[in-house]
Amino acid sequence: FLGAGKPPMYGDYEAQRHWQEVTYNLPIRQWYFNTTDNNLLYWGLDYPPLTAYHSLVCAYIAKLINPDWIALHTSRGYESQPHKLFMRTTVMVADLLVYIPAVILYCFSLKETSTKKKASIWGVALCILLYPGLILIDHGHFQYPLSLGLALWGALYLSYDWDLLGSAAFCLALNYKQMELYHSLPFFCYLLGKCFKKGLKGKGLVLLTKIAGTVVVSFAVCWLPFCTDVEQIMQVLRRLFPIDRGFVIITNYLFPPFQDKVANIWCSLSVLIKIKNIMSPETQLKLSFAVTLLSLLPACVKLTAQPSLRGFKFALVSCALSFFLFSFQVHEKSILLVSVPVCLIINEIPFMATWFLLVSTFSMLPLLLKDGLLLAYTVTMLAFLSVCTTSFSILEKTSAEDLQLKQFSLSLKGYVSWFKSFPKIVRMLFFLSLTLMAVLSVMSATVHPPQRFPDLFPLAVSVVSCLHFILFLVYFNVVILWDSKNSRSQKKIS
């Protein structure tokens, strides 16, 4: 684990262990407050209540096995093989109870018709479950997949038209990790669009009222122990969204320090333009907000006007990617919030989805190397590419129709002469991309950078990944805006 054995913070593994220590030994009213027993500068809780409750459940189990694992103060930096086995087991249990069932049931909800396609459901499930990024971060870097799993359950329920359950599941995801805000607009726009289509003077109003009630009740249940007074609620909110710590913190979120390269637009632009030197923190924040909003707008407007499950899934990808590229970032692993929605459309655009998922894992390479996961990174990437190639024959699905660009290509007919050779161009770019990622991966792992440019390879990985993500964002938005299937499928909602 990154930071293992390195005081004073010890790394993300210690953060998860420390939250168990805090939630077990301290009363709820102290979980988010700075006290003599809860130094918030030492991995203080900064995730919503469901994360704290999950930590408490794990702590009770840990107490039964070995009380030293969660002893107040004295357990800081505790590392042993039995405890690592326990912590890894808790991640596996979260996978087995929440994430994996959601993936399998989602694959069965695809409603394939032919026997041949039904047989491929397990191929789709296998490809999603073998996505290297989530495996490496959850089991290598160490985090829990619960927020992503709950969001998947939300998408699954919506696919069955169980809108209230879908709303509740997504509220739980948001109450586990606030970064689920990446997915909030597609959920909101899709459900609002359904209400509009049903008519806001009839069934639509009833549905809207039920959804609003479900959201209020879900949040109330999660926050109930913190509703004893207003200050409790405000303190939790301050921990989740630390805006009051000043624009210095916000600026670091927008333009992260270079010890952690994030493959977003601000980190990549800083190679050419030192934005912090020409803009005030307030201007930087406003710029980030404006660009993010503009990039979100097309997909959200289309989804609200023409709600469909297909449009919803593509909007999840587009909106999450917009947030990743243009809003404030603190970690490379935020790309997982884009990757999991991409997994939902891997059966529709297998070539582009596989390509994106490979790039998303590659974008986290500097972090994975710090974690000592080079071998695991190599093996999982090759296994994932092999399974996707076998399951979907991705290299044979590069035509405009296969890439969901038929309507777009028809609109360009007569203007772009090279569109006939489009499949060859796409395959060539794919192989060029794979080669570039492989070369940078090998160089990052084996070559010492020049002393003058110690961050050369991490920065190169970030810039290359960012360029990929910008092109993917354009691609997904083109698919959304030129997609005639949305218009047809929305009639079913009406």
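The values are calculated or read from the model by the stated rules, or taken from the named source; none is laboratory data. Just so it is clear, the structure is predicted and the values come from calculations on it, not from any experiment. Glycine also receives a Cβ, built like all others from the backbone with ideal geometry; neighbour counts cover every protein chain displayed. Heads up: the accessible areas ignore ligands, DNA and RNA and are worked out on the full protein's heavy atoms, side chains in. Shrake-Rupley method; radii C 1.70, N 1.55, O 1.52, S 1.80 Å.
Restricting attention to segment 190-212, and to residues there that are basic (K, R) and open to solvent by 40 Å² or more (accessible area, probe 1.4 Å), which single residue is farthest from the chain's Cα centre (by Cα)?
K201
Just to verify a result, which residue in segment 400-455, among those that are of a type in the set (S, T, Y) and open to solvent by less than 40 Å² (accessible area, probe 1.4 Å), is modelled with the lowest pLDDT? I'd like the intermediate steps shown before the answer.
Of the residues in segment 400-455, the ones of a type in the set (S, T, Y) are 409, 411, 415, 417, 421, 433, 435, 441, 444, 446.
From what is left, the residues that are open to solvent by less than 40 Å² (accessible area, probe 1.4 Å) are 409, 433, 441, 444.
Working: S409: 77, S433: 97, S441: 96, S444: 94.
Result: S409.
Considering only segment 393-409, state which residues are assigned to a helix (DSSP H, G or I) and free of Cβ contacts under 8 Å to residues at least 60 places away in the same chain.
Within segment 393-409, I394, L395, E396, K406, S409 qualify.
Against the condition outside any helix (DSSP H, G or I), open to solvent by less than 40 Å² (accessible area, probe 1.4 Å), of a type in the set (A, V, I, L, M, F, W, C) and out of contact with any Gly (no Cβ under 8 Å at 6 or more places or on another chain), how does V342 come out, does it pass?
Answer is no for this residue.
It is to be established whether one or more residues within segment 48-62 are open to solvent by 30 Å² or more (accessible area, probe 1.4 Å) and farther than 21 Å from L240 by Cβ.
The answer is yes; a qualifying residue exists.
Considering L164, L152, which residue is over 19 Å from T304 (Cβ atoms) and surrounded by 23 or more Cβ atoms within 10 Å (Cβ to Cβ)?
Residue meeting the stated conditions: L152.
Quick check on F187: is it part of a helix (DSSP H, G or I), at pLDDT 95 or above and either open to solvent by less than 20 Å² (accessible area, probe 1.4 Å) or not aliphatic (A, V, I, L, M) (or both)?
Considered against the rule, which asks whether it is part of a helix (DSSP H, G or I), at pLDDT 95 or above and either open to solvent by less than 20 Å² (accessible area, probe 1.4 Å) or not aliphatic (A, V, I, L, M) (or both), F187 comes out as yes.
Pairs under 6 Å by beta carbon, first residue closer than 16 Å to E180 by Cβ in segment 120-148, partner outside any helix (DSSP H, G or I) and of a type in the set (K, R), six or more apart or different chains?
Close Cβ pairs (under 6 Å, with a partner that is outside any helix (DSSP H, G or I) and of a type in the set (K, R)) amount to S147/K177.
Within the bounds of segment 16-32, is there any residue that is open to solvent by 30 Å² or more (accessible area, probe 1.4 Å), within 26 Å of G140 (Cβ to Cβ) and among the aliphatic types (A, V, I, L, M)?
no
Kindly indicate which of V387, V359 is open to solvent by 10 Å² or more (accessible area, probe 1.4 Å), aliphatic (A, V, I, L, M) and part of a helix (DSSP H, G or I). Working first, answer last.
Working: V359 fails: open to solvent by 10 Å² or more (accessible area, probe 1.4 Å).
Exactly one of V387, V359 is open to solvent by 10 Å² or more (accessible area, probe 1.4 Å), aliphatic (A, V, I, L, M) and part of a helix (DSSP H, G or I), namely V387.
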